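Working notes for the structure below.
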Amino acid sequence: MMDSEGAKTLRKLIKRFTAIRLAEVTLFSLAAALIATAISRTILFNDVTGVLIGATISVAGIVTGILQNNLHHPDRKKMVRFLDYYYPALENSSDLLLKQPHDLTNLEKIQQDRVIFIFSRLADGIKIPNKLLLAFSSLVIALVIFYWLPVAEPIASASSSRPGRNFEHFQVLPPGIEDIDIRIDPPAYTKMKSYTTGSPALSVPANSVVRWKIVFNRAVHQANLLFSGGDSLALDSDGNTNRASVAIRSSVIYRIAWIDSAGTTFSSDFYKIQAVEDRSPEITITNTSQFTQFDDVKEATLPFAASLRDDYALTDAYIVATVSKGSGEAVKFREEKLRFSSPPAVSGKSAHVSRAIDLSKLDMEPGDELYFYVIAFDNRFPRPNYTRSETFFVTLRDTASSEMVVDGSPGADLMPEYFRSQRQIIIDSEKLLREKKQISREEFNRRSNELGYDQKVLRLRYGQFLGEEFETDIAGGRHDDEDSDHAHSDEEESDVIEKFGHTHDNDNEHNLLEDHHHHKPAAPGEQEDPLAPFVHSHDDPEEATFFSQAIRAKLKATLTIMWDAELHLRLFDPGMSLPFQYQALKLLKEISNDSRIYVHRTGFDAPPLKEDKRLTGDLEGLRSNTLARTANRKDDHSALRFMIDLAQQHESCELSTLSDHDKHMAIVAGNELASIVLERPGQYLETLTLLRRVGTGELNGAVLRNALSKIRADLYRMLPVSQALPGAKAEAILDVEQNFLNVIGDASVD
Amino acid sequence: MHQWIELHPLFSVPVCVGLIIALLALFIWKESRSRRHLSIRIGLGIVVIIAIAGIIFQPSLAREKKAVTILLTRGYDAKKADSLKRSLRGVEVFFMYDAEPFRGGTMLPSFRAIGDTSPDYVLGEGLPYHAAALLDSASFIFLPAENDDGIQEMVFPRDVRLNRPYDIEGIFQSSQPTTLRLYGPDGAEDSVIMEPGRRTFKLSCLPKATGPLTYEVLERTHSGESRRHKLPVNVTKPRVASVLILQGSPTFEVRDLKNYLGSGNAVSVRYQLSRSIYRYEFLNTKQQPLNRITPEILLNTDLLVIDTDALRTLNNNERRCIDDAVVSGLGVLVLFNDNPSGTTNDLLKSRFVKTNIDSIVVTFAPNRNVSLPVWSAAPENRVAYHPVFNTHPHTVAGASHRGAGKIGFALWKETYPLLLSGDSVTYGLLWAEVFESLSRVHRQVPGIRIMTPSPLYPDEPLTIQVKSPGDTPSITYNGAALPMKEDELIDDLWYTTVWPDGEGWQSIVSEDDSAVFRFYVHAPSEWRQLRGQQMLYETLGRSSDAPFGKQSQKEKIPINRVYFFIAFLTGMGLLWLVPKLS
């Protein structure tokens, strides 16, 4: 008995081992099959192929696993070896469990009894090593991958990455239309081939000609394409086949409407045609500084290179260079077109162009400036797109002009007054030095101090243009008290800004001024102002934008030098001060040249006043007049508001059916919504379709109520906040209340 | 001291006493003409007079109660009920159908049965107003239950206009942090996190469409429990108003104001170009002569906007016309061309004094403030004007009742820069408030109003007030005509009661003019805490304020009027018979 029980337990153990291995094999195989299915349906073919591949892998894996692990014919000896290895208590005698007692010696019988006893105690606790957890995890991961990987789109919509070929998800054709075939002819200049699609939702290059061929499953009396904005296009009928074509200039929404021979009107869903605009060329300039300065005209050659790119093709590109000569009001401008040296002609989708700009060949002299930018054109027809780069500045320094001021000025000095003052201080300082021996020490000191004061006044005046309106600002201090006695009202400040600053809507058509929106990043540890990147702190000296950044830096340097000049004048040492004064004058001269810009004359030229009529008080010919007009504000969303109200009434079960007027308003609301949908591509298309269905009376009962509920929520979300309008109030007032009010009124008047 | 008898006269006491005295005088005069059986006739006459007095005064006798009645309403404290029952003798306990059953108690299937119980003690959340009205005032002691966490009180404006911001304010009680969120028709509009305790809250909304809108208030505790309550809002469009603007000389301010008002109203403008030359503009209205201000012009005007320059040019007759028109209902807004401090405005009849304020911030919504330059002046008699905006301490725009009309002023100098800066919404809010606070109130017929406080629930009585001059108003609910009862004291004021039979938006229709009045009936699970608080206040208001155990234990037993009638018939019969006796 004991012998057979030991063998029976061992057989159970072997069955358990087999079951576990089989489960492992199955789980691993299923995981592999799922992954294979997901990959194959995503990148290769379709669902059916994927499933076939998966099934094959699954079956193959299971069969292989069974054969490899010998599960179809379990090996008892293998189990015996396992027991002996992992359970030393069996004293390497597990094989005795399989033997019949009559085949054993006495010693073996004793040992067999002993092993059977030990095995009966161990049997329940024997654990077979397995990878079930790993196999199960693999299956879970495979399931995640299976659901995560997208299903391959139809070949027609994924075949090309060219613009205009990215169709939206395949649309289900409405009942009544058997087939639809749309041919798109892109504009010739795009050099794209014509192509066809079966999806009514399109994305095409702007100005493409779209040709519909719609096959109905029965003869139709009339068929139209109805576009947003109210346009409609009748289809030419040829039996059950109808054709129409239209050039798509901008994005539109359309639907197909047809009347069958019985006179019933049908309509499809709304479809969108996205017109992909031809983008302007892109210009990238990397190796050229925006401000370049040369001292010697002989060495003044600027190497220049740029990368050009367009979505279809480039046709031309060149440099537009403007040379400015002269100073003050005598400044003159000359514009030239410079071709690139490499390549000689620009073509293709992208090009790397370069040219060395030789300033001497542009007939530039010291003090002259060159402004240039690159302009590139594409092949758009009839009017090409073009892009202009930012403007680059090149200056030939006028090293001689700052010296000539000492010798005197030209007959017509065009410099503003504040540019002479520094020269005057220099002249007075030199005069003071010359007269030093003739005058007393006190007189010398007094005049030197006065010159120092003049230098200070000059410094403060320039400081104003840098935003440093107060002496303490220049010294590094700061006025936090806005109510200080420095009476600079906001109005005055804004005037100064208008006069010397810039505005964003100016006529800087030639882009001659650099963009000077410089915002310092917040220092580490400081609390960063969230508005800082978006505001323009004109009040902050560090952020002052009266001048461009380069000029501001020079002006700041000038002020520092003026400090030194003043210092030595205050110390009664004009000799030491003079070098600083010369340096300040030189910088001021450069600033005056830098700030030279050309501005078109703009504004309104008022007709001349009749001086003989002015202020005479003559009202002859004037009389009372009357103007009457209707000025009711047009509510652009009246139909939308009507539908919201209607939907609410349906939701509260006040209404259960729609009147003809309600249906008409649903159509009107759809038209209002269509104009909004165009501005927000992809949104509210479903609402548009629901409105159309409500308008045509396709929906009833609970479906209608649900549709109206969705319409109400979407329309309400879309409505903007409008201006509140006042109006009269109405209340039910009884005679007794009116009498009461009248009595109060009489009392209060009395 | 308790009275042993209590009278319930059919008419006012003087009328009843006068009637009795008159009858007594008539009897004495009639019976004194003959001396035969005089004593018997006098005795019978007194019986008759007493019988008539009994019928008229309806006396009831007070007597010691045989048993004490306890009424248990929803949310009652079982321990309190047990304790109360043990402490009293002969206690009879009733519990409402929606309250926890009480052992030994009798369930009341509806609130209508309360009138028969005459409870001495009411425990729990209390009774709704229609049930509490069935009990005699101060006849019971109320031992309220503690209300559950939730919205305890809430205020929301009744008249909601399009494109105006509104606040929903209330008191919220919670034992844990809770988020209150207001959902509009298109999603969340506002939210607030409430700390534990009893605290006030405010949620803002801005309706963008007219008609019945259903907002929703969500309470979500930090532990994840949530409750949703529907908040119905009936958004109305303003009616077209007729505005007359009289201006001394053209200004940007009035030009923009005219265009703004003209976008939805009928506007007439008169401004002076020189001494005798005027310019008239009529927007959305027919032309009419405006060279003189007459009562006819003002009768058809809802609001007169006049600046101080134009005011100076009016003659005495015109000023008198305006004064009379205001008393009749016209609204007048006075604008100032220069600082009014130290001057007295004839139309406003108010003197202005100087202030040190030259600009003021007006707040319309949490994120919508506007700073306006104002004249440094304020009316000397500040209490005469109620402020249109809450701009403490100075009133920059005020209005005052004068008869049926209103007259007011605005002290700001210019508001058109708001339009130039593109903030037409704030501009609209600013002026709309001022105009509507002053504009003439038109008489609406009929005026329907729900008197029952919200929330309303199905199958609960709903009292409707109708102001309708003339014949009995014809009001229907679900196609059925409602019986109307006129107020005993006030003419043309009618009442009716409706038991709504469904949830959601319901409507009653005035058959006289087909006007539809909408109201919302909530699901029984909504606003329970708010209703609980209302019931608590309602029941507390009707309960006795006597300390516990000291209240009267007497009950009133009305004397059946049949007895008096029998006595009257007997007395009169014998009086007829006595002269016939030999």
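Quick check: anything in region B:274-297 more than 7 Å from chain A (Cβ to nearest Cβ) and in a strand (DSSP E or B)? No; the residues of region B:274-297 include none that is more than 7 Å from chain A (Cβ to nearest Cβ) and in a strand (DSSP E or B).
Conditions tested, residue by residue: (1) within 27 Å of A:SER347 (Cα to Cα); (2) under 31 Å from the mean Cα position of the chain (by Cα); (3) of a type outside the set (A, V, I, L, M, F, W, C).
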| position | (1), (2), (3) |
| --- | --- |
| A:PRO186 | yes, yes, yes |
| A:ASN207 | yes, yes, yes |
| A:ASP231 | no, no, yes |
| A:TYR254 | no, yes, yes |
| A:SER267 | no, no, yes |
| A:PHE270 | no, yes, no |
| A:PRO281 | yes, yes, yes |
| A:THR286 | yes, yes, yes |
| A:THR292 | no, no, yes |
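Among the residues of region A:366-376, just one is hydrophobic (A, V, I, L, M, F, W, C) and either surrounded by fewer than 16 Cβ atoms within 10 Å (Cβ to Cβ) or closer than 18 Å to A:ASP296 by Cα (or both), namely A:LEU370.
The requirement of being surrounded by 11 or more Cβ atoms within 10 Å (Cβ to Cβ), in contact with a Leu (Cβ under 6 Å, 6 or more places away or on another chain) and touching a residue at least 40 places away in the same chain (Cβ under 8 Å) is satisfied by A:ALA142. Every test in (1) within 14 Å of another protein chain (Cβ to nearest Cβ); (2) in a strand (DSSP E or B); (3) modelled with pLDDT of 90 or more is passed by B:THR463 save one, and that test is (1).
For every residue, the table says whether it meets (1) more than 14 Å from B:ALA410 (Cβ to Cβ); (2) assigned to a loop (DSSP other than H, G, I, E, B); (3) among the aromatic types (Phe, Trp, Tyr); (4) in contact with a Cys (Cβ under 7 Å, 6 or more places away or on another chain).
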position	(1), (2), (3), (4)
B:LEU348	no, yes, no, no
B:ARG351	yes, no, no, no
B:ILE357	yes, yes, no, no
B:VAL361	yes, no, no, no
B:PRO373	no, no, no, no
B:ALA378	no, no, no, no
B:PHE389	no, yes, yes, no
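Name the residues in region B:217-238 that are within 12 Å of another protein chain (Cβ to nearest Cβ) and not hydroxyl-bearing (Ser, Thr, Tyr), would you?
B:LYS230, B:PRO232, B:VAL233, B:ASN234, B:VAL235, B:LYS237, B:PRO238 - these are the residues of region B:217-238 that are within 12 Å of another protein chain (Cβ to nearest Cβ) and not hydroxyl-bearing (Ser, Thr, Tyr).
Which residue pairs have Cβ atoms closer than 7 Å, lie 6 or more positions apart in sequence or on different chains, and pair a first residue in region B:83-105 that is assigned to a loop (DSSP other than H, G, I, E, B) and modelled with pLDDT under 85 with a second residue that is surrounded by fewer than 19 Cβ atoms within 10 Å (Cβ to Cβ) and among the aliphatic types (A, V, I, L, M)? Final answer for the pair search is B:LEU88/B:VAL68; B:GLY90/B:ALA67; B:GLY90/B:VAL68. Would you call B:SER421 over 20 Å from B:THR308 (Cβ atoms) and more than 13 Å from chain A (Cβ to nearest Cβ)? Answer is yes for this residue.
Within region B:401-411, is even one residue more than 8 Å from chain A (Cβ to nearest Cβ), surrounded by fewer than 21 Cβ atoms within 10 Å (Cβ to Cβ), of a type in the set (A, V, I, L, M, F, W, C) and not in a loop (DSSP other than H, G, I, E, B)? Scanning region B:401-411 turns up no residue that is more than 8 Å from chain A (Cβ to nearest Cβ), surrounded by fewer than 21 Cβ atoms within 10 Å (Cβ to Cβ), of a type in the set (A, V, I, L, M, F, W, C) and not in a loop (DSSP other than H, G, I, E, B). Restricting attention to region A:608-629, the residues that are within 30 Å of B:ASN259 (Cβ to Cβ) and β-branched (Val, Ile, Thr) add up to 1. If you check A:THR292, A:THR322, A:THR286 for being farther than 30 Å from A:VAL210 by Cα and part of a loop (DSSP other than H, G, I, E, B), only one passes: A:THR286. The set of residues from region B:504-534 being away from chain A (no Cβ under 14 Å), in a loop (DSSP other than H, G, I, E, B) and surrounded by 13 or more Cβ atoms within 10 Å (Cβ to Cβ) comprises B:PRO524, B:GLU526, B:TRP527.
Mind checking whether some residue in region A:699-707 is assigned to a helix (DSSP H, G or I), in contact with a Lys or Arg (Cβ under 8 Å, 6 or more places away or on another chain) and more than 13 Å from every other protein chain (Cβ to nearest Cβ)?
For region A:699-707, residues assigned to a helix (DSSP H, G or I), in contact with a Lys or Arg (Cβ under 8 Å, 6 or more places away or on another chain) and more than 13 Å from every other protein chain (Cβ to nearest Cβ): present.
When region B:316-334 is filtered for residues that are at pLDDT 90 or above and either among the small types (Gly, Ala, Ser) or assigned to a loop (DSSP other than H, G, I, E, B) (or both), the ones remaining, listed by number, are B:ALA325, B:LEU330, B:GLY331. Restricting the first member to region B:334-359 and to residues that are of a type in the set (Asp, Glu), and the second to residues that are assigned to a strand (DSSP E or B) and surrounded by 16 or more Cβ atoms within 10 Å (Cβ to Cβ), the beta-carbon pairs closer than 9 Å and six or more apart or on different chains are B:ASP358/B:VAL374.
Can you list the strands (runs of 3 or more DSSP E) lying wholly within region A:186-250 that have 3 or more residues being at pLDDT below 85?
The strands (runs of 3 or more DSSP E) meeting that bar are A:220-227.
All conditions but one from (1) within 13 Å of chain B (Cβ to nearest Cβ); (2) assigned to a helix (DSSP H, G or I) apply to A:SER675; the one that does not is (1). Can you say whether B:VAL254 is under 25 Å from B:PRO417 (Cα atoms), of a type in the set (Val, Ile, Thr) and assigned to a helix (DSSP H, G or I), as far as the supplied structure shows? Taking the combined requirement at face value, the residue satisfies it. In summary, A:ASP363 fulfils each of the numbered conditions (1) surrounded by 17 or more Cβ atoms within 10 Å (Cβ to Cβ); (2) more than 23 Å from A:PRO205 (Cα to Cα) with the single exception of condition (1). Checking region A:662-671 against the condition returns a match, with at least one residue being without any contact (Cβ under 8 Å) to a residue 60 or more places away in the chain, within 14 Å of chain B (Cβ to nearest Cβ) and within 30 Å of A:VAL276 (Cα to Cα).
Inclusion of A:ARG712 among residues that are on the phi < 0 side of the Ramachandran plot, buried (at least 16 other Cβ atoms within 10 Å of the Cβ) and either touching a Ser or Thr at 6+ places or on another chain (Cβ under 6 Å) or more than 7 Å from chain B (Cβ to nearest Cβ) (or both) is not warranted. The combined condition, being surrounded by 13 or more Cβ atoms within 10 Å (Cβ to Cβ), of a type in the set (Gly, Ala, Ser) and without any contact (Cβ under 8 Å) to a residue 24 or more places away in the chain, is not fulfilled by A:SER58. Exactly one residue among A:VAL694, A:VAL721 is more than 12 Å from chain B (Cβ to nearest Cβ) and out of contact with any Asp or Glu (no Cβ under 6 Å at 6 or more places or on another chain), and that residue is A:VAL694.
One residue stands out in region B:466-503 among those that are at the interface with another protein chain (Cβ under 9 Å from one of its Cβ atoms) and touching a residue at least 24 places away in the same chain (Cβ under 8 Å): the one that is surrounded by the most Cβ atoms within 10 Å (Cβ to Cβ), namely B:VAL466.
Looking across region B:239-265, the residues that are among the hydrophobic types (A, V, I, L, M, F, W, C), over 30 Å from B:PRO185 (Cα atoms) and either more than 13 Å from chain A (Cβ to nearest Cβ) or out of contact with any Phe, Trp or Tyr (no Cβ under 8 Å at 6 or more places or on another chain) (or both) come down to B:LEU244, B:ILE245, B:LEU246, B:PHE252, B:VAL254. A single entry from B:SER249, B:SER268, B:SER274 fulfils the requirement of being modelled with pLDDT of 90 or more and closer than 21 Å to A:ARG623 by Cβ: B:SER268. Only a single criterion out of (1) away from chain A (no Cβ under 11 Å); (2) in a helix (DSSP H, G or I) is not satisfied by B:LEU429, namely (1).
The values are calculated or read from the model by the stated rules, or taken from the named source; none is laboratory data. It should be emphasised that the depicted structure is a prediction, and the values quoted were computed from it without experimental measurement. Note that we place each Cβ from the backbone using ideal geometry, even for glycine, and neighbour counts take in every protein chain shown.
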